[in-house]
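**Student:** One structure, pasted below without further comment.
The values are calculated or read from the model by the stated rules, or taken from the named source; none is laboratory data. Bear in mind the structure is a predicted one, so any value in this text is a computation, not a measurement. Reconstructed Cβ throughout: ideal geometry from the backbone, glycine too, with neighbour counts over all protein chains shown.
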Amino acid sequence: MGRIDMHAHFIPDFYRAAASAAGHSHPDGMPAIPAWSVDAALATMDGLDIATALLSISSPGVHFGDDVPARALARTVNRFGAGLVADHPDRFAVLASLPLPDVAGAIDEIAFSYDELGLDGVVLESNAAGVYPGDPVFEPVWDALDERSALVVLHPTSPPGWELVARGRPRPMLEFPIDTARAVSDLLLSGTLQRHPRVTVVVPHGGGVLASVADRIATFAAAQGVDVRAQLRRLYFDLAGMPLPHQLPSLLALAGPDRLLYGSDWPFTPEQLVKQLAGALDSTPLLDAEAQRTNATRLLPRLTRR
């Protein structure tokens, strides 16, 4: 029946132009914005036995420093995504982009994306201009997402102060896994997840370094009277990236197989590497491919209605 890819990206030409004009032609220190087209996406999916891909705009998102153009770009991106789903309803699902840290604009876009476009969820960067997702300023955004029982997929982005720590290296190598864990810990320790029980959160790249520090976070949290272990069990994790051989065993101990999802991260991960990584996941005795598909259909119920 094919994989369901819960971590893939789309890059319309107008988004590429807007990001490049804002100084993001080498996003997060990467060599370039990769090539993308609908035909290339479908061909890559066919080559990887991917039945459906959940698409989102990757880092740095749609907000380049000014609220007004960010709102316009989010709206254009989300309309484009809805068009992809309309043209290929069995092959694509789409996450709405929000113009955070513009809270009012984000709430408007949540309403439009769910109520008018019928998109499948939203993508949130691990931080928005240095503000992390559990910050009180974002509480109205989480309220709007909770009202719609939203699917929220996190995506890493460069952390504040990356210039001091990255030392010229691409931020996806080390800063992304750390910032992912920082964003999740912020949601846990702030009580954001507890206050919004109807939101389903997917953590990218196997949670980054989260599995290795989860017990440490839980111990510190317990000293403050906060139980984060139950909250951790609410999370889903995609396996985009390099979960083998070291990350996956820890992640299975943290989350269990019923919370794991396949992810390719194409086109930011080149197709040949995606094939190698998928082959490793297929060959490990630690995973069941059908279980990953079942986990994904729980989060994308419209796929089972077709």
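**Student:** So, of the residues in the range 115-138 that are in contact with a helix residue (DSSP H, G or I) (Cβ under 8 Å, 6 or more places away or on another chain) and loosely packed, with under 15 Cβ neighbours inside 10 Å, which turns out to be nearest to SER190 (Cα to Cα)?
**Tutor:** Within the range 115-138, the match that is nearest to SER190 (Cα to Cα) is VAL137.
**Student:** Since LEU84 meets every condition but one in (1) buried (at least 17 other Cβ atoms within 10 Å of the Cβ); (2) closer than 30 Å to LEU174 by Cα; (3) touching a helix residue (DSSP H, G or I) at 6+ places or on another chain (Cβ under 9 Å), which condition does it not meet?
**Tutor:** Here LEU84 clears every test but (2).
**Student:** Of the residues that make up the range 171-191, is at least one assigned to a loop (DSSP other than H, G, I, E, B), more than 20 Å from ARG216 (Cα to Cα) and more than 14 Å from the chain's Cα centre (by Cα)?
**Tutor:** Within the range 171-191, none of the residues are assigned to a loop (DSSP other than H, G, I, E, B), more than 20 Å from ARG216 (Cα to Cα) and more than 14 Å from the chain's Cα centre (by Cα).
**Student:** What's the number of the only condition in (1) more than 14 Å from LEU100 (Cα to Cα); (2) modelled with pLDDT of 95 or more; (3) out of contact with any Pro (no Cβ under 6 Å at 6 or more places or on another chain) that THR180 fails to meet?
**Tutor:** (3)
**Student:** Additional query: Would you confirm, using the coordinates I've provided, whether ASP5 is closer than 14 Å to GLY61 by Cβ and touching a residue at least 60 places away in the same chain (Cβ under 8 Å)?
**Tutor:** no
**Student:** For residues in the range 1-35 being touching a strand residue (DSSP E or B) at 6+ places or on another chain (Cβ under 8 Å) and more than 23 Å from PRO69 (Cα to Cα), which is surrounded by the most Cβ atoms within 10 Å (Cβ to Cβ)?
**Tutor:** If we take residues in the range 1-35 being touching a strand residue (DSSP E or B) at 6+ places or on another chain (Cβ under 8 Å) and more than 23 Å from PRO69 (Cα to Cα), then MET6 is surrounded by the most Cβ atoms within 10 Å (Cβ to Cβ).
**Student:** Go through (1) hydrophobic (A, V, I, L, M, F, W, C); (2) assigned to a loop (DSSP other than H, G, I, E, B); (3) surrounded by fewer than 21 Cβ atoms within 10 Å (Cβ to Cβ) and name the single condition LEU100 misses.
**Tutor:** So the condition that LEU100 fails would be (3).
**Student:** With respect to the numbered conditions (1) small (Gly, Ala, Ser); (2) closer than 19 Å to LEU154 by Cα; (3) free of Cβ contacts under 8 Å to residues at least 40 places away in the same chain, which one is the sole condition not fulfilled by SER250?
**Tutor:** Here SER250 meets the rest and fails (2).
**Student:** Filter the range 208-235 down to the residues that are under 17 Å from the mean Cα position of the chain (by Cα) and surrounded by fewer than 21 Cβ atoms within 10 Å (Cβ to Cβ), then identify the one that is farthest from ALA278 (Cα to Cα).
**Tutor:** ARG234
**Student:** Might you check whether a residue that is among the hydroxyl-bearing types (Ser, Thr, Tyr), at pLDDT 95 or above and in contact with a helix residue (DSSP H, G or I) (Cβ under 7 Å, 6 or more places away or on another chain) occurs anywhere in the range 225-238?
**Tutor:** yes
**Student:** Just wondering, is there one or more residues in the range 177-194 that are surrounded by fewer than 24 Cβ atoms within 10 Å (Cβ to Cβ) and touching an Asp or Glu at 6+ places or on another chain (Cβ under 7 Å)?
**Tutor:** No: zero hits.
**Student:** Still on this structure, please answer the following. Yes or no: LEU100 under 18 Å from PRO156 (Cα atoms) and of a type outside the set (Val, Ile, Thr)?
**Tutor:** yes
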